[in-house]
Amino acid sequence: MTSLFNDNDLWGPLDPSADAGYGEDRPARKGFFTDTSICIGCKACEVACKEWNDVPADHFDMTATSYDNSHSLNANQWRHVAFVERPAGPAPVDLGMPGVAPTDAVSAGSTAGGAGSTAGGLLDNGADAAPDFRWLMSSDVCKHCTHAACLDVCPTGSLFRSEFGTVVVQDDICNGCGYCVPACPYGVISRREGPDGSRNVGIAQKCTLCYDRLDAGKTPACAQACPTQSIQFGDVEELRERADARVAQLHEAGVMDARLYGNDPDDGVGGAGAFFLLLDEPEVYGMPPDPVVTTKDLPQMFRRATTAAVVMFAGAALSFLGRRP
Amino acid sequence: MSPAEPHLEQRDTEAVPGRPGRRKGGRGGERSMVPEAEFTSYYGRPIVKPAPWEADIPAYLFAGGLAAGSSLIAAGADLTGRPALRRTGRLGALGALGVSMFALVHDLGKPSRFYNMLRTAKLTSPMSVGTWILSLYGPWAGLAAAAEGTRLLPESARRRAPVALLGRLDRPTGVLAAVFAPPVAAYTAVLLSDTATPSWHEAFRELPFVFVGSGAAAAAGLGLLAAPVHETGPVRRLAAGAAALELVMEHRMEQSMGLTAEPLHHGKVGRLMRAAKGLTAAGAVGAALGGRHRGLAAASGLALLAGSACTRFGIFEAGQASARDPKYTVVPQRERLEREGPVRYRE
Ligand code: SF4
Ligand code: SF4
Ligand code: SF4
């Protein structure tokens, strides 16, 4: 690492708000633990986010490939519920569905329950065999990375680290250069391209972790609206422990596919502020399997470019040193 | 209707390419770089987002490289007494700088947005660093071109105070422009590579060399095209060296990129990259062997300019294509996982 950057500035575990210069009295880092095993795909989070943050409607049309009609995370879609149809997994277990607090939902031995995820309802309705497929649902959101590529590459300082350790766009400073868009390893942020007449067209937009609500001591709108506690909001430290406990519980109950995604502070983005419990590989949900923040390689890139610049200068000088014609 | 029906129905309509599940990678036909890859995705949708950039950006890359190379040539010509080559270089640099600034401002929408970037300096943002590099280079290139312009004035006008000052700054400004020029050509490689766009990021080791080679080759091309042959000896040498650097590093880049080199060979991008290599090689050979012949020199110069433009558009579009296909995000990460396990920080 070059001395131009502090230790772990670009990569490695870090308290992002401390690194950004907030003092000792800063609040604890806030984030989400999204437990997709109890998501029912109701989209309450998508709607709540749109309402609270005044996010304009996007192109709502069925994609003809799934129940997903909101396509992807983008400037007009700060929460996105993915619907994945998969071949049936191993023997179904009770994942602790709505109305049951997630922390005590699965007790060891309660594996005789309904089918995985929403397929459970089918059995209760009298179907005589378990379906040979299951739905996976997951409410995706900005990861609020510890090492956020979007923030690192923003040339105007529009993207900034809040005192809560989250990553927020300042609409009035963004110049619409669009650099943050290809920088994000998860494809979260994008420039608002429409609809005509909506606010902030041409400006990069994404989840703010409801900065205004955090400021007022409230829970973000999506987490507040989630009826199953699939979206759990809180202090990242505490959420990480909760996630560890939950995945251990699921493993004990035989759900060996359960895995955490983005919770490890040593991972490629220094740990995500918003992390997930998934029931299949990340790419099945449209997430990269093992993302690494691009700026991890930035010192090396600058060194390479410096060498190339020297080569160019020397090459030009050399070609003039030859004998006169 | 049993509640199961919609699910099953949906499943039927889903038996189309792009459904979640395994998909064979590799598109047959064209040269396959790696064994076919199998991967999973969410309905075949992209994971990372392509940059919201249009042709402005590759045009900017091309013009920036041309400007930088031209300033180097102009300074060399000035210091070795080649006035026509000096003039071509300085005016070429100013023209190319104008084109690149136009492309940049056009991409941003309005000029004031450029100043938004001058309100801060951020080392982690290649765009911010680049803005400052450009701001350090541009004025010298502009002044050198202005000084060049004063040479066209009658002797009496050249003795007037401001003009006389410009005349005296002639050589220093030209040399300063040459000193700040190479970073202009090199930083654009970091600009592209410092993203999650697979074919840009994976190219980060060699791309700066490809870009400085491409910029120098284009500028040499302009010199060959516009300056008289008795002054273009150094430019012919530069053309050969720059083209060799570009072609060799481009080849090494493709080797080190793994699967993400694939978009460089497909479809329109494949044609652009093949044209880039052919034109650059032909221009370099033409310059080296036939550069003393006016017609051949001009043709070689044009080929070098066109080759450089094709390189920029090709690499730009390859990155965009790699972002649109989840294969290039998923498969290299999966391969790395298999090889090295998950990326984890170790003290
Ligand atoms: S997920 Fe993307 S948009 Fe969100 S903080 Fe990380 S890099 Fe930025
Ligand atoms: S689009 Fe806006 S937020 Fe994104 S990098 Fe550019 S200035 Fe920053
Ligand atoms: S935290 Fe707020 S802004 Fe982010 S997805 Fe939830 S409701 Fe939307």
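If we keep just the residues of segment B:320-334 that are aliphatic (A, V, I, L, M) and over 24 Å from the mean Cα position of the chain (by Cα), which is farthest from the other protein chains (Cβ to nearest Cβ)?
In the first step, residues of segment B:320-334 are kept if they are aliphatic (A, V, I, L, M); the result is B:321, B:323, B:330-331.
If we keep only those that are over 24 Å from the mean Cα position of the chain (by Cα) as well, we get B:330-331.
Numbers: B:Val330: 5, B:Val331: 9 Å.
Among those residues, the one meeting the criterion is B:Val331.
Among the listed residues B:Leu94, B:Leu134, B:Leu72, B:Leu66, which satisfies the condition of being buried (at least 21 other Cβ atoms within 10 Å of the Cβ) and within 7 Å of chain A (Cβ to nearest Cβ)? Give the derivation first.
On the way: B:Leu94 fails: within 7 Å of chain A (Cβ to nearest Cβ); B:Leu134 fails: within 7 Å of chain A (Cβ to nearest Cβ); B:Leu66 fails: within 7 Å of chain A (Cβ to nearest Cβ).
Only one candidate qualifies: B:Leu72.
Given the structure, is A:Cys210 on the phi > 0 side of the Ramachandran plot, surrounded by 24 or more Cβ atoms within 10 Å (Cβ to Cβ) and within 16 Å of ligand 1 (Cβ to nearest atom)? Give the derivation first.
Numbers: on the phi > 0 side of the Ramachandran plot: yes; surrounded by 24 or more Cβ atoms within 10 Å (Cβ to Cβ): yes; within 16 Å of ligand 1 (Cβ to nearest atom): yes.
Here the answer is yes, as A:Cys210 does meet what is asked.
Within the group A:Val201, A:Val236, A:Val188, A:Val255, which residue is in the same structural domain as A:Arg29 (by TED's automatic domain parsing), farther than 30 Å from B:Gly109 by Cβ and either at pLDDT below 95 or touching a helix residue (DSSP H, G or I) at 6+ places or on another chain (Cβ under 9 Å) (or both)?
On the way: A:Val201 fails: farther than 30 Å from B:Gly109 by Cβ; A:Val236 fails: either at pLDDT below 95 or touching a helix residue (DSSP H, G or I) at 6+ places or on another chain (Cβ under 9 Å) (or both); A:Val188 fails: farther than 30 Å from B:Gly109 by Cβ.
Exactly one residue qualifies, and that residue is A:Val255.
Looking at segment B:116-131 only, could you name the residues that are within 9 Å of chain A (Cβ to nearest Cβ) and not in a loop (DSSP other than H, G, I, E, B)?
B:Asn116, B:Met117, B:Pro126, B:Met127, B:Ser128, B:Val129, B:Gly130, B:Thr131
Assuming B:Glu30 fulfils every condition listed in (1) surrounded by fewer than 20 Cβ atoms within 10 Å (Cβ to Cβ); (2) at pLDDT 85 or above apart from one, which condition is it?
Result: B:Glu30 fails condition (2) only.
Which of the residues belonging to segment B:195-209 are closer than 15 Å to B:Ala318 by Cα and in a helix (DSSP H, G or I)?
Step one: list which residues in segment B:195-209 are closer than 15 Å to B:Ala318 by Cα, which gives B:195-204, B:207.
The answer is B:Pro198, B:Ser199, B:Trp200, B:His201, B:Leu207.
Filter segment B:171-216 down to the residues that are more than 7 Å from every other protein chain (Cβ to nearest Cβ) and without any contact (Cβ under 8 Å) to a residue 40 or more places away in the chain and list them by number.
B:Pro172, B:Thr173, B:Leu176, B:Val179, B:Gly213
Can you pull out the residues in segment A:167-193 that are within 22 Å of A:Ser139 (Cβ to Cβ), more than 9 Å from ligand 2 (Cβ to nearest atom) and part of a loop (DSSP other than H, G, I, E, B)?
A:Cys184, A:Pro185, A:Tyr186, A:Gly187, A:Val188, A:Arg192
Please enumerate the residues belonging to segment A:236-256 that are closer than 28 Å to A:Leu209 by Cα, out of contact with any Pro (no Cβ under 7 Å at 6 or more places or on another chain) and surrounded by 21 or more Cβ atoms within 10 Å (Cβ to Cβ).
A:Val236, A:Leu239, A:Ala243, A:Leu250, listed by residue number.
Name the residue that is nearest to the other protein chains (Cβ to nearest Cβ), counting only residues in segment A:25-59 that are away from ligand 3 (no atom under 15 Å from the Cβ) and assigned to a loop (DSSP other than H, G, I, E, B).
Per the stated criteria, the residue is A:Gly41.
Among (1) surrounded by fewer than 18 Cβ atoms within 10 Å (Cβ to Cβ); (2) touching a residue at least 24 places away in the same chain (Cβ under 8 Å); (3) away from chain B (no Cβ under 11 Å); (4) not aromatic (Phe, Trp, Tyr), which single condition is A:Arg161 missing?
Of the numbered conditions (1) surrounded by fewer than 18 Cβ atoms within 10 Å (Cβ to Cβ); (2) touching a residue at least 24 places away in the same chain (Cβ under 8 Å); (3) away from chain B (no Cβ under 11 Å); (4) not aromatic (Phe, Trp, Tyr), the odd one out for A:Arg161 is (1).
Considering each of A:Phe160, A:Phe164 in turn, give the residue that is within 16 Å of ligand 3 (Cβ to nearest atom), part of a strand (DSSP E or B) and either hydrophobic (A, V, I, L, M, F, W, C) or farther than 29 Å from A:Asp35 by Cα (or both).
Values: A:Phe164 fails: part of a strand (DSSP E or B).
A:Phe160 is the lone residue from the list that is within 16 Å of ligand 3 (Cβ to nearest atom), part of a strand (DSSP E or B) and either hydrophobic (A, V, I, L, M, F, W, C) or farther than 29 Å from A:Asp35 by Cα (or both).
Could you tell me which of the residues B:Lys110, B:Lys49 is without any contact (Cβ under 8 Å) to a residue 24 or more places away in the chain and not hydroxyl-bearing (Ser, Thr, Tyr)?
Values: B:Lys49 fails: without any contact (Cβ under 8 Å) to a residue 24 or more places away in the chain.
B:Lys110 is the lone residue from the list that is without any contact (Cβ under 8 Å) to a residue 24 or more places away in the chain and not hydroxyl-bearing (Ser, Thr, Tyr).
Only one of (1) buried (at least 20 other Cβ atoms within 10 Å of the Cβ); (2) within 23 Å of A:Glu193 (Cα to Cα); (3) at pLDDT 90 or above is not met by A:Trp52, so which one is it?
(1)
So for segment B:203-224 (the condition being more than 19 Å from the chain's Cα centre (by Cα) and not hydroxyl-bearing (Ser, Thr, Tyr)), does at least one residue qualify?
Step one: filter segment B:203-224 for residues more than 19 Å from the chain's Cα centre (by Cα), giving B:223-224.
From what is left, the residues that are not hydroxyl-bearing (Ser, Thr, Tyr) are B:223-224.
Scanning segment B:203-224 turns up at least one residue that is more than 19 Å from the chain's Cα centre (by Cα) and not hydroxyl-bearing (Ser, Thr, Tyr).
State all residues of segment B:297-319 that are within 30 Å of B:Pro228 (Cα to Cα) and either within 11 Å of chain A (Cβ to nearest Cβ) or in contact with a Phe, Trp or Tyr (Cβ under 7 Å, 6 or more places away or on another chain) (or both); if no residue qualifies, say none.
Selection gives B:Ser308, B:Ala309, B:Arg312.
Of all residues in segment A:279-299, how many are in a helix (DSSP H, G or I), facing chain B (nearest Cβ under 7 Å) and closer than 30 Å to B:Pro182 by Cα?
Of the residues in segment A:279-299, the ones in a helix (DSSP H, G or I) are A:282-285, A:294-299.
Filter once more, so that each one left must be facing chain B (nearest Cβ under 7 Å): A:283-285, A:294-295, A:297-298.
Cutting the leftovers down to closer than 30 Å to B:Pro182 by Cα gives us A:294-295, A:297-298.
Number satisfying all stated conditions: 4.
The values are calculated or read from the model by the stated rules, or taken from the named source; none is laboratory data. Values in this document were obtained by computation on a predicted structure and should not be read as measured data. Cβ sites come from the backbone with ideal geometry, for glycine too, and all protein chains shown count toward neighbours.
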